[in-house]
Structures are given as structure tokens and as C-alpha cells.
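First the structure, then my questions, so here it is.
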Amino acid sequence: MKTHNYSINLNWTGNTGVGTKTYKDYEREYTVKSEGKALIKGSADPAFLGNSELYNPEELLLASIASCHMLWYLHLCASNKIIVTKYQDFTEGKMIENKDGSGKFTEVTLKPEITLADKNMLKKAESLHAQANKFCFIANSCNFPIHHQANYLF
């Protein structure tokens, strides 16, 4: 077993001068930084008084799931001599919010549009999504189902 360690620097940038005096007195903006990488600007979802122009944690979760799946899927395609020339995902997630303000995701659906060089490889290409999901580090860390609805082009 190998252990991998990751670190980020999360910095709240939303202090408007009075800190968190009341729920509406502060902004939800933050930055995410890791050494040698581009800065990510984020905020809360607008439903929680966030800035709609910035990525929220829920969107970043979807991006993590979709990108991890894509990277494993492309790896498996390459290992199986399936040539993918384009991959784009239109991921959707469903989150429920409880009366007390807590909540959780109940499901995520990956909807990749994948262009294959050879239509004869379609059946094998379709089968690799389950294997990619099995290997995806992020999917393995989630406690909700992740569905796959791939659309293939040639």
C-alpha cells in the first residue's frame, strides 16, 4: 500500500471589515492555492449568499469526480488500444438540503461525450466506465452513487 499526501492553502478573503459579526456581514469568497499552481477563486453557492461568478464547493466536487473518472477512463482506453480523440463531460449532481441547513449529495451523473476513432471499439469503450469508476480515487471516497450516461461520436 502506498500513501499519497496532498496539501492546499485555503484563504478566506471575504472579511468586509467587521468579520462574521452577523450572517450577512461577510462575503463568502476564498482562494485555493497549492505550491506552483494557479490560484482558484471560490465562493458559496448564491443560495447561500455566494458570488455566482466564482466556483462553489459543490461545483468543485463535481469537477473532482468528473476529472478523476476521465483520467482513469482515458488510461483504460489507452491500455485497451481504444483511441479517444475528444472527451467532454456535462456532469450533474443532486444535493438535498435539510431543514436545519445541513445537506448532502445523493447522486452524481457523469454525461461524457466521447469521440472514438474506431466505432468497432464502442462495446469495449462502454464497458470501461465501470472499471474507471472502480479505480477512481474520488469516486471511491464518495458515499453516494455515481452514474454514467456516455454519448459516443465517431
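The values are calculated or read from the model by the stated rules, or taken from the named source; none is laboratory data. The structure presented is a predicted model; accordingly, all values stated were derived computationally and were not measured. Neighbour counts are summed over all protein chains in view; Cβ atoms, including those assigned to glycine, are modelled from backbone coordinates with ideal geometry.
Considering only residues that are within 14 Å of LEU153 (Cβ to Cβ) and of a type in the set (Phe, Trp, Tyr), which ones fall in the range 70-126?
Within the range 70-126, TYR87, PHE90 qualify.
With the checklist (1) more than 19 Å from the chain's Cα centre (by Cα); (2) farther than 19 Å from LYS104 by Cβ; (3) among the small types (Gly, Ala, Ser) in hand, flag the one item ALA47 doesn't pass.
Going through the list (1) more than 19 Å from the chain's Cα centre (by Cα); (2) farther than 19 Å from LYS104 by Cβ; (3) among the small types (Gly, Ala, Ser), ALA47 breaks only (2).
Report, ordered by the first and then the second residue, all pairs with beta carbons closer than 9 Å, sequence separation of six or more or different chains, a first member in the range 131-153 that is over 15 Å from LEU62 (Cα atoms), and a second member that is surrounded by fewer than 17 Cβ atoms within 10 Å (Cβ to Cβ) and of a type in the set (A, V, I, L, M).
ALA132/LEU71; ALA132/LEU74; TYR152/LEU122
Something else about it: State all residues of the range 1-27 that are within 23 Å of the chain's Cα centre (by Cα) and of a type in the set (Gly, Ala, Ser); if no residue qualifies, say none.
SER7
Of the residues that make up the range 8-18, is at least one at positive phi and outside the structural domain of THR109 (by TED's automatic domain parsing)?
Yes.
This table checks each residue for (1) outside any strand (DSSP E or B); (2) within 11 Å of the chain's Cα centre (by Cα); (3) closer than 24 Å to ASN143 by Cα; (4) free of Cβ contacts under 8 Å to residues at least 24 places away in the same chain.
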| site | (1), (2), (3), (4) |
| --- | --- |
| ALA38 | yes, no, no, yes |
| GLU53 | yes, no, no, yes |
| CYS68 | yes, yes, yes, no |
| TYR87 | no, no, no, no |
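What is the residue count in the range 115-130 for residues that are touching a residue at least 40 places away in the same chain (Cβ under 8 Å) and under 16 Å from LEU71 (Cα atoms)?
Looking only at that region, the number is 3.
Now a separate question. Can you work out which of the residues in the range 29-44 that are surrounded by fewer than 17 Cβ atoms within 10 Å (Cβ to Cβ) and not aliphatic (A, V, I, L, M) is nearest to LYS94 (Cα to Cα)?
LYS41
Then there is this: Evaluate the following for LEU76: is it closer than 25 Å to ASN98 by Cβ, outside any loop (DSSP other than H, G, I, E, B) and either within 20 Å of the chain's Cα centre (by Cα) or at pLDDT below 95 (or both)?
no
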